[in-house]
1. If you take the residues of region 128-173 that are assigned to a loop (DSSP other than H, G, I, E, B) and of a type in the set (A, V, I, L, M), which of them is surrounded by the fewest Cβ atoms within 10 Å (Cβ to Cβ)?
2. Can you tell me which residues in region 110-142 are under 15 Å from the mean Cα position of the chain (by Cα) and of a type in the set (S, T, N, Q)?
3. Does Asp238 qualify as being open to solvent by 10 Å² or more (accessible area, probe 1.4 Å), in contact (Cβ under 8 Å) with a residue 12 or more places away in the chain and either β-branched (Val, Ile, Thr) or assigned to a helix (DSSP H, G or I) (or both)?
4. What is the one condition in (1) farther than 29 Å from Pro234 by Cα; (2) in a loop (DSSP other than H, G, I, E, B); (3) among the aliphatic types (A, V, I, L, M) that Ala77 does not satisfy?
5. Are any residues in region 20-43 among the hydrophobic types (A, V, I, L, M, F, W, C), open to solvent by 70 Å² or more (accessible area, probe 1.4 Å) and touching a residue at least 60 places away in the same chain (Cβ under 8 Å), and if so, which ones?
6. I'd like the residue in region 143-187 that is at pLDDT below 95 and under 16 Å from the mean Cα position of the chain (by Cα) and, out of all such residues, is farthest from Met250 (Cα to Cα).
7. Restricted to region 186-200, and to residues that are of a type in the set (A, V, I, L, M) and surrounded by 12 or more Cβ atoms within 10 Å (Cβ to Cβ), which residue is nearest to Ile159 (Cα to Cα)?
8. So how many residues does region 50-60 have that are in a loop (DSSP other than H, G, I, E, B) and either in contact with a strand residue (DSSP E or B) (Cβ under 9 Å, 6 or more places away or on another chain) or aromatic (Phe, Trp, Tyr) (or both)?
Amino acid sequence: MPATMPINATKRLQTYHDRHARGLEPFENAALLRDWISDHGDQFHSVVECDLKRCPKIVYDFSANGDVVIGGTSDPARQTEIMWQQLAAADAPVGIGRYREDRVCYQSEQFKNDGEARSQHLGIDLFAAAYTPVFAPLDGVVHSFADNNLHLDYGPTIILQHEPAGGVRFYTLYGHLSRPSLEGLYKGKEIRAGELFCRFGDFPINGDWIPHLHFQIIFDMLGREGDYFGAAKPSEWDIWTSICPDPNLMLQMPENVVASRDGK
């Protein structure tokens, strides 16, 4: 997950900070885009085979208050075994990692800038077996892709660009994929709603995590390609939530999959 940005993107981000300081929405068109996504929520295809609006789930807590460990120096094989046992016992095909959650696993130096960790989660995680198929929620094109192969990074990653209506443009990010998911891709490749276009990865290829999909909505790519910030500094949360809104606007899960204001 990147720690630096191009100069022009840094200027745009400063503009978002300045707007927030004046009491304005940091990203100028955020409300318009959120409203469009919310208004069309019932039209999006599920990103996994089970219907996320109805299927059983376990919503996990990876904050300091939780009793589940992911990432860090812990063993992903053992973490995976424990989670799969829990999901099987609940007859749940998928586990959920929450948006806005302030995560213990992001407290290492790898996720710190100026002494503060980028610890508050900007996506929603869907935990399921390696090679679980992923489907496009709506029509789009490939914006960019990359294998972010550092430990605890995204691993193979795809970003789609969507322009479903006049004046509406946003992006969706799919992280922790299988390496074959990147084969045959090129910028501008059309991906249709409901199309199987990638699969969950396995450790260590997926960044050495329990197999899962990191799903994120992005309003401004800030000049980046194939990679993006997956977590924000708590002190900057109001800016980043304007750029990367709650992914459940698209996923439409009835469970509470957003952490409290303090990330717990």
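The values are calculated or read from the model by the stated rules, or taken from the named source; none is laboratory data. These numbers were taken from a predicted model, which means no experiment stands behind them. In this analysis, Cβ positions are derived from the backbone assuming ideal geometry, glycine residues included, and neighbour counts consider all displayed protein chains. When the accessible area is computed, the model is the full protein with side chains, heavy atoms only, and any ligands, DNA or RNA have been set aside. Shrake-Rupley method; radii C 1.70, N 1.55, O 1.52, S 1.80 Å.
1. Step one: filter region 128-173 for residues assigned to a loop (DSSP other than H, G, I, E, B), giving 128-132, 136-139, 149-154, 166-167.
When the remaining residues are screened for being of a type in the set (A, V, I, L, M), the result is 128-130, 136, 138, 150, 152.
Numbers: Ala128: 23, Ala129: 15, Ala130: 17, Ala136: 23, Leu138: 18, Leu150: 11, Leu152: 18.
Out of the qualifying residues, it is Leu150.
2. Ser119, Gln120
3. When the stated conditions are applied, Asp238 passes them.
4. (2)
5. Selection gives Leu32 alone.
6. For region 143-187, the residue satisfying everything is Leu152.
7. Step one: filter region 186-200 for residues of a type in the set (A, V, I, L, M), giving 191, 193, 196.
Narrowing further to those that are surrounded by 12 or more Cβ atoms within 10 Å (Cβ to Cβ): 191, 193.
Details: Ile191: 11, Ala193: 14 Å.
The extreme case among them is Ile191.
8. Going residue by residue through region 50-60, those that are in a loop (DSSP other than H, G, I, E, B) are 50-56.
Add one more test, that the residue is either in contact with a strand residue (DSSP E or B) (Cβ under 9 Å, 6 or more places away or on another chain) or aromatic (Phe, Trp, Tyr) (or both), and what stays is 50, 52, 55-56.
Final tally of qualifying residues: 4.
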